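Step one of this worksheet: look at the structure below.
The values are calculated or read from the model by the stated rules, or taken from the named source; none is laboratory data. In this text the structure is predicted, and so the values were computed from the model without any measurement. All Cβ positions, glycine included, derive from the backbone under ideal geometry; neighbour counts span all protein chains shown. Please note that ligands, DNA and RNA were not included when accessible areas were found on the heavy atoms of the full protein model with its side chains. Shrake-Rupley method; radii C 1.70, N 1.55, O 1.52, S 1.80 Å.
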Amino acid sequence: MSFEIDQGEFMRTVSQTLGETAFVFVEETEEAHLSWGADEILEARISFHGPSDGVLALAAGEKFATELAANLLGIDPDNAEAARGGRDAVGELANILLGVLLERWFPGDTTYGMDVPVVRSLGTGAYEKEAGGAKIRLALVTDEGQRIDAMVLARGASVPACSDD
Amino acid sequence: MSYSILIVDDSATIRSVIKRSIGMTGIDVGAVHEAANGLEALEVLGREWVDIVFADLNMPEMNGVELVERMFEDSMLVSTPVVIVSSDHNQRTIDGLKERGIRAYIKKPFRPENFRDVVGEVLGLKKE
């Protein structure tokens, strides 16, 4: 089975899931014109298996990851729990997003599965290098100017053995 | 009567969100226990009384399917209600777990009212 991802559907699913889950509203942007607003990027990767295999990645700057955690938890971003939860939030949002995507990509009785998300910190240069092989990549910006990327990589893309925390 | 609950998820953030959601159901929650995987959950279940378990599926060390299997093999735990809370939307997975005896399946992303409906039904609480 060939695995062709519709860019529009991918964008709609990412946008809807981020809105419903973390209350962030995004639109696609020209990635070259948008800074991460942070030195370090938190990137979550999850492998999936089914009629086609691959890897979903979701990435956000460290500061924005704290906001994502705060939104998930319904607390102020200055709260210590939010500060501790940035890495976890990026991983869980990737996990939730992949679940929604797989249900759409592999509907009905299809057997499929997904692994546990692995989150790591990367400098912007290393992140861009790792993202180079993406089958599909969205650079998104929130209504408050924060950047978040979502991409699908082919089977065999590197997924670290465990989170680097 | 207050109910003792166990939340099993490798994400501390999601455990907090689930705890908050259950708190919004209006049920009288007593002790709230947490575990980051199935192995930790079994340790808690071995030493604490738990009225209902909310468990994720995709977790390191021991996943939710193995946790359910281990619980249902244990005569002391087989009657403890298990609700799966997972981002795995695979219908085969859901059907298989329901055949094994889980009481409900909540898909992530969820809303607090999903817990209200499920908790009331699983614990046999009358709707007011």
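Has region B:36-47 got at least one residue that is within 14 Å of chain A (Cβ to nearest Cβ) and touching a Pro at 6+ places or on another chain (Cβ under 7 Å)? Yes. Residue pairs whose Cβ atoms lie under 6 Å apart, separated by 6 or more positions or on different chains, with the first residue in region A:54-70 and on the phi < 0 side of the Ramachandran plot and the second open to solvent by 10 Å² or more (accessible area, probe 1.4 Å) and part of a helix (DSSP H, G or I), are A:T66/A:A83. Each residue in region A:14-50 was checked for being farther than 22 Å from A:I75 by Cβ and more than 12 Å from every other protein chain (Cβ to nearest Cβ), and 17 pass. Considering only region A:6-23, I want to know if a residue exists there that is of a type in the set (D, E) and buried (at least 20 other Cβ atoms within 10 Å of the Cβ). Within region A:6-23, none of the residues are of a type in the set (D, E) and buried (at least 20 other Cβ atoms within 10 Å of the Cβ). Could you check region B:1-35 and list, in sequence order, the residues that are in contact (Cβ under 8 Å) with a residue 60 or more places away in the chain, more than 11 Å from chain A (Cβ to nearest Cβ) and open to solvent by 50 Å² or more (accessible area, probe 1.4 Å)? The one that is in contact (Cβ under 8 Å) with a residue 60 or more places away in the chain, more than 11 Å from chain A (Cβ to nearest Cβ) and open to solvent by 50 Å² or more (accessible area, probe 1.4 Å): B:G26. Against the test of being closer than 28 Å to A:A82 by Cα and either in contact with a Ser or Thr (Cβ under 7 Å, 6 or more places away or on another chain) or modelled with pLDDT of 95 or more (or both), the options B:E48, B:E34 yield a single qualifying residue, B:E34. Among the residues of region B:94-113, those that are open to solvent by less than 20 Å² (accessible area, probe 1.4 Å) and of a type in the set (A, V, I, L, M, F, W, C) comprise B:I94, B:L97, B:I102, B:A104, B:I106.
Checking each residue in region A:62-90 for being aliphatic (A, V, I, L, M), surrounded by fewer than 24 Cβ atoms within 10 Å (Cβ to Cβ) and within 11 Å of chain B (Cβ to nearest Cβ) picks out A:A70, A:L73, A:I75, A:A82. Checking each residue in region B:37-61 for being part of a loop (DSSP other than H, G, I, E, B), more than 18 Å from B:I106 (Cα to Cα) and either in contact (Cβ under 8 Å) with a residue 40 or more places away in the chain or open to solvent by less than 30 Å² (accessible area, probe 1.4 Å) (or both) picks out B:E48, B:W49, B:V50, B:P60.
For region B:62-78, the set of residues classified as within 14 Å of chain A (Cβ to nearest Cβ) and open to solvent by less than 20 Å² (accessible area, probe 1.4 Å) consists of B:M62, B:G64, listed by residue number. Applying the criterion of being over 17 Å from A:V24 (Cα atoms) and polar (S, T, N, Q) to the residues of region A:91-112, the residue that is least open to solvent (accessible area, probe 1.4 Å) is A:T110. Of everything in region A:29-61 that is within 9 Å of the chain's Cα centre (by Cα) and among the small types (G, A, S), the residue that is surrounded by the fewest Cβ atoms within 10 Å (Cβ to Cβ) is A:A57. Within region A:127-150, being assigned to a helix (DSSP H, G or I) and open to solvent by 50 Å² or more (accessible area, probe 1.4 Å) holds for A:E128, A:K129, A:E130.
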